[in-house]
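Here the structure comes first, spelled out in structure tokens, and everything after it is commentary.
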Amino acid sequence: MLILNIIDVELTLWGIKLHLITEGNPLMQLLIEMNPNYLRSFKLLLPIILGAACWWTKEKSRRLIIYGMGLSITVYSFIMLLHAHWIYKLIIQ
């Protein structure tokens with residue numbers, strides 16, 4: 001998931017810089033406007049913190065962790081498809 005986060009943030013910043021996409025999440029947009037490195041830091045720290053929380057509670061809420069990780073991977077896979085779509089459009093046009 002950390003790798004998907006890194007790919008997501010770099011492709012997002014690249015797409016925004018080229019004026020191909022806009023950030024749909026208001027919090028992420030605010031971080032980008034403040035300083036793109038804030039977004040990078042947030043996107044790196046969040047999965048690390050969540051991973052530590054999962055490790056800490058692994059025996060107490062195993063099912064919640066499994067469903068949460070599955071949902072996260074599904075959402076990031078969809079986001080990667082969106083990135084692939086606009087990159088494909090960029091190359092074709």
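The values are calculated or read from the model by the stated rules, or taken from the named source; none is laboratory data. Every value quoted in this text rests on a predicted model; they were computed, and no experiment measured them. Note that we place each Cβ from the backbone using ideal geometry, even for glycine, and neighbour counts take in every protein chain shown. Ligands, DNA and RNA are excluded from the accessible area calculation, which covers all protein heavy atoms including side chains. Shrake-Rupley method; radii C 1.70, N 1.55, O 1.52, S 1.80 Å.
One table, with the values for the structure above:
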| read-out | value |
| --- | --- |
| Contact order relative to length of region 3-93, as percent, for alpha carbon pairs under 8 angstrom and 6 or more apart | 37 |
| As computed over region 43-93, the Cα convex hull volume per residue (Å³) | 59 |
| Listed residues 85, 19 arranged by accessible area, highest first, probe 1.4 Å | 19, 85 |
| Accessible surface of region 1-81 [probe 1.4 Å, protein heavy atoms]: carbon and sulfur percent | 72 |
| Estimated distance in nm for a label pair at residue 82 and residue 63, the labels positioned 7 Å out from Cα along Cα-to-Cβ | 3.1 |
| In nm, spacing of pseudo-spin labels at residue 75 and residue 33 (7 Å Cα→C-beta vector) | 2.2 |
| For region 18-79, accessible area per residue (1.4 Å probe, heavy atoms of protein chains only), Å² | 79 |
| Residue-wise HN-Hα coupling along region 82-88, computed from phi with Karplus coefficients 6.51, -1.76, 1.60 (Hz; x: Gly, Pro) | 4, 4, 4, 4, 6, 5, 4 |
| Solvent-accessible ranking of 55, 14, largest area first, probe 1.4 Å | 55, 14 |
| P(r) histogram, all alpha-carbon pairs of region 10-65 included - 5 Å bins from 0, percent | 4, 18, 21, 17, 11, 11, 11, 6, 2, 0 |
| Probe 1.4 Å, all protein chains present, accessible-area order of 62, 40, largest first | 62, 40 |
| Between region 3-24 and region 65-79, the Cα center-to-center distance that results, in Å | 19 |
| Rounded to 10°, Cα long-axis angle of helix 2-17 versus longest principal axis of the chain | 20 |
